1. Counting alpha carbon pairs within less than 8 Å and at least 6 residues apart, what relative contact order, in whole percent, applies to the range 49-170?
2. Could you work out, for the range 58-147, what percent of all Cα-Cα pairs fall into each 5 Å distance bin, beginning at 0 Å and stopping at the bin that holds the largest distance?
3. Any of Lys59/Lys128; Lys51/Lys86; Lys59/Lys141; Lys59/Lys151; Lys40/Lys76 with alpha carbons more than 22 Å apart? Name them for me.
4. Could you pull the accessible area for Phe68 with a 1.4 Å probe, rounded to 10 Å²?
5. Accessible surface of Trp66 in the full protein assembly, 1.4 angstrom probe, to the nearest 10 Å²?
6. Whenever you get a sec, compute what percent of the accessible area on the range 41-123 sits on carbon and sulfur atoms (1.4 Å probe).
7. Compute the distance from the alpha-carbon center of the range 49-71 to that of the range 87-157, in whole Å.
8. Which of the peptides 120-127, 105-112 is most tightly packed, and how do the rest follow, going by the mean number of other Cβ atoms within 10 Å of each residue?
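The values are calculated or read from the model by the stated rules, or taken from the named source; none is laboratory data. Given the structure is predicted, the values throughout are model-derived calculations rather than measurements. For neighbour counting, all protein chains shown are included, and Cβ atoms are generated from backbone atoms with ideal geometry for every residue, glycine included. Remember, those area values only see protein heavy atoms, side chains included, never the ligands or the DNA or RNA. Shrake-Rupley method; radii C 1.70, N 1.55, O 1.52, S 1.80 Å.
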Amino acid sequence: MKHRTKTWAIVCGATVALALLAAGSQAQPAAGKTPSADIKITKADEKIVIKQADVNALKQSMEAYWQFRIKNNYTKAFDFEDPDTKTKYKIDLEEYLSSKSRVEYHSTKLQQINFMRPDYVQVTMLVKYTFEWTEKMTDEKDLLEKWVKRKDGKWYRLFTTNMNQQMLEG
């Protein structure tokens, strides 16, 4: 278990670093802060019905999750990671904590929510972070995340595993 955990931690740490570096080379940094009222809400299919209660619950879950990450409280952030994914891939809290990279998050700003289905969204956020590779670097980039609403009615973040492959949402 220890060898698997260490390997997983190294892969995940490198994955976050590569994802942030790739985002830096592909994405333009968003200019300024976006007021909450300016969050763009879209849907993949015009037939999708979006409930305001779902939008509000999603925003609350995302805000709580990211505040825990900013405060470096990954134990609490783990509660917002998708339980189906944790069960399927047998990821417990100890393994999750060992996978955290050397990225320090400072702030986030939700910019867009794209409803792919009523229970599955892709969100774009502006994330300010400091990363240490060969030296410390602070930057602000757009980040794409996926969230899913499960049968308990709560929204959970779909987290990534090896080589930044998004877990499949079930």
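1. Working: 171 pairs, mean separation 26.7, N = 122.
Relative CO of the range 49-170 lands at 22 percent.
2. Taking all Cα pairs of the range 58-147, the binned fractions are 3, 12, 20, 23, 21, 15, 5, 1, 0 percent.
3. Numbers: Lys59/Lys128 18 Å; Lys51/Lys86 27 Å; Lys59/Lys141 19 Å; Lys59/Lys151 18 Å; Lys40/Lys76 28 Å.
Violating the 22 Å Cα-Cα cut-off are Lys51/Lys86; Lys40/Lys76.
4. In the full protein context, Phe68 sits at about 60 Å².
5. Taking all protein chains as shown, Trp66 has close to 0 Å².
6. Details: 2190 of 4550 Å².
It is 48 percent, rounded to a whole number.
7. About 12 Å separates the Cα centre of the range 49-71 from the one of the range 87-157.
8. Sorting 120-127, 105-112 by mean packing, highest first, produces 120-127, 105-112.
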